[in-house]
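Reading through the structure tokens given below for one structure.
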Amino acid sequence: MNPLEQLKSLIQEIEGMVIADEATLEAFRIRFLGSKNILKPLSALIREVPNEQKKEFGQLVNEVKQKAEEMFQSAQQQLQGSKSASADMPDLSLPEASLPIGSRHPVSLVMEEIIDVFARMGFEVAEDREIEDDWHNFTAMNTPEDHPARDMQDTYYVASPPGWLLRTHTSSVQARVMTTKKPPIRIIAPGRVYRNETVSARSHCQFHQVEVLYVDEGVSFADMKQTLHQFAQSMYGKDVVTRLRPSFFPFTEPSAEMDVYYGLADEHAHRITKGTGWLEILGCGLVDPAVLEACGIDSTRYSGFACGMGIERQAMIKYRINDIRLLFENDVRFLKQFASVV
């Protein structure tokens with residue numbers, strides 16, 4: 001069956017489906033709208049379609065997506081309506097139920113712990129806006145408009161003013177501090193960031209970061225390595241084993257990623273480390289001289305290091321949470337587990 005016929009067959013399949021329960025609805029969502037939906041491999045077959053049929057192929061792809069979304073929303077509303085109609089009316093004469101007592105969120109707990117670790121090493125907290133301009137978010141970080149590094153992050157742009165966006169990292173705070181303050185600079189920048197990513201057990205479109213920046217005369221890679229190893233010991237114990245792997249970030253050179261040895265003691269450890277036993281916790285490197293110069297700092301006199309880490313990743317490691325989505329659902333049954341760690 002050629003690609004065009006496959007798409008037409010999918011349209012007929014959607015139009016003929018009857019979704020009568022939640023299980024069928026979820027199976028439909030995974031098949032047509034999930035992160036590994038059936039349309040992704042089909043879309044890649046456009047190269048096999050003759051040029052005169054490519055337009056029709058594209059229209060059919062869009063039609064399948066539209067019909068799948070309409071079918072999903074319609075079936076979801078019908079199922080929710082059925083539930084509401086069948087729900088029993090509560091007894092209003094019953095005594096008032098007491099509200100469950102909440103607790104500190106695991107992301108807040110881990111963020112405060114990280115801030116405390118670096119505060120003891122002399123770093124100050126710096127915070128700034130979440131809606132940022134392109135220059136502080138990208139250009140000041142050595143990622144101009146034509147730089148391929150921009151492809152590493154999917155960005156949410158706001159409609160007005162033009163060129164503004166939801167920050168993709170808290171590196172923009174580093175840029176604002178370096179343009180307004182002279183070295184020595186020693187800051188930690190915590191905050192929420194946004195990226196247009198598919199929500200799954202391991203990633204989310206919004207999450208929290210902490211970025212660390214140290215700029216002064218004579219700052220070296222050895223300074224960074226020792227600082228980060230001390231951080232890992234404070235977070236995961238004195239016996240923690242760490243390693244640095246070469247990597248690439250546009251705003252640091254040389255760049256590295258830091259791993260901790262998580263082990264392979266159980267199925268959870270195998271899954272979260274992908275069978276290696278090692279788990280990446282942060283990216284780091286020496287601040288690129290181009291970044292220092294862009295922010296008005298003399299790179300021949302000053303050097304520095306920077307690192308960034310996701311708070312949700314640290315929380316998942318620390319509390320052995322296997323699905324990042326649990327951190328955003330505000331389920332008291334989940335959150336009350338952390339009352340004892342405050």
**Prompt:** Within the bounds of segment 32-44, is there any residue that is surrounded by 13 or more Cβ atoms within 10 Å (Cβ to Cβ), part of a helix (DSSP H, G or I) and small (Gly, Ala, Ser)?
**Reply:** yes
**Request:** Among residues belonging to segment 324-342 that are charged (D, E, K, R) and modelled with pLDDT of 85 or more, point out the one that is farthest from Arg195 (Cα to Cα).
**Result:** Glu329
**Fill in**
When restricted to Ala290, Ala306, the only residue in a helix (DSSP H, G or I) and either of a type in the set (Gly, Ala, Ser) or outside the structural domain of Arg176 (by TED's automatic domain parsing) (or both) is Ala290
**Asked** Out of the residues in segment 182-216 that are among the charged types (D, E, K, R) and farther than 16 Å from Val287 by Cα, which is surrounded by the most Cβ atoms within 10 Å (Cβ to Cβ)?
**Response** Arg195
**Request:** Identify all residues within segment 304-342 that are among the hydroxyl-bearing types (Ser, Thr, Tyr) and touching a Gly at 6+ places or on another chain (Cβ under 7 Å); write none if there are none.
**Result:** none
**Request:** Test Ile324 against the criterion of being within 17 Å of the chain's Cα centre (by Cα) and either over 18 Å from Tyr236 (Cβ atoms) or surrounded by fewer than 18 Cβ atoms within 10 Å (Cβ to Cβ) (or both), and give yes or no.
**Result:** yes
**Qualifying positions in segment 26-40 - closer than 19 Å to Gln6 by Cβ and not polar (S, T, N, Q)** = Phe28, Ile30, Arg31, Phe32, Leu33, Gly34, Lys36, Ile38, Leu39, Lys40
**Request:** Considering only residues that are in contact with a Lys or Arg (Cβ under 7 Å, 6 or more places away or on another chain) and of a type outside the set (D, E, K, R), look in segment 245-277 and name the one that is nearest to Ile187 (Cα to Cα).
**Result:** Ala256
**Message:** Tell me which strands (runs of 3 or more DSSP E) are completely within segment 141-216 and hold 3 or more residues being closer than 25 Å to Ser303 by Cβ and at pLDDT 90 or above, or say none if there are none.
**Reply:** 185-194, 206-216
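Here's the yes/no breakdown for (1) modelled with pLDDT of 90 or more; (2) basic (Lys, Arg); (3) buried (at least 18 other Cβ atoms within 10 Å of the Cβ); (4) within 26 Å of His204 (Cα to Cα):
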residue	(1), (2), (3), (4)
Ser234	yes, no, no, no
Pro246	yes, no, no, yes
His270	no, no, no, yes
Gly275	no, no, no, yes
Glu293	yes, no, no, no
Ser299	yes, no, no, no
Gly304	yes, no, yes, no
Ile311	yes, no, yes, yes
Gln314	no, no, yes, yes
**Among the residues listed as Val240, Val260, the single one being in the same structural domain as Gly308 (by TED's automatic domain parsing), over 30 Å from Thr139 (Cα atoms) and in a strand (DSSP E or B)** = Val260
**Request:** Pull up segment 217-231, narrow it to residues that are assigned to a helix (DSSP H, G or I) and either among the aliphatic types (A, V, I, L, M) or in contact with an Asp or Glu (Cβ under 8 Å, 6 or more places away or on another chain) (or both), then point me to the one that is farthest from Arg167 (Cα to Cα).
**Result:** Ala222
**Message:** Here is a list: Asp154, Asp116, Asp134. Which entry is of a type in the set (D, E, K, R), more than 28 Å from Gln226 (Cβ to Cβ), in the same structural domain as Phe305 (by TED's automatic domain parsing) and surrounded by fewer than 15 Cβ atoms within 10 Å (Cβ to Cβ)?
**Reply:** Asp154
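The values are calculated or read from the model by the stated rules, or taken from the named source; none is laboratory data. The shown structure was predicted, so the numbers you read here are calculated from the model rather than taken from an experiment. Glycine also receives a Cβ, built like all others from the backbone with ideal geometry; neighbour counts cover every protein chain displayed.
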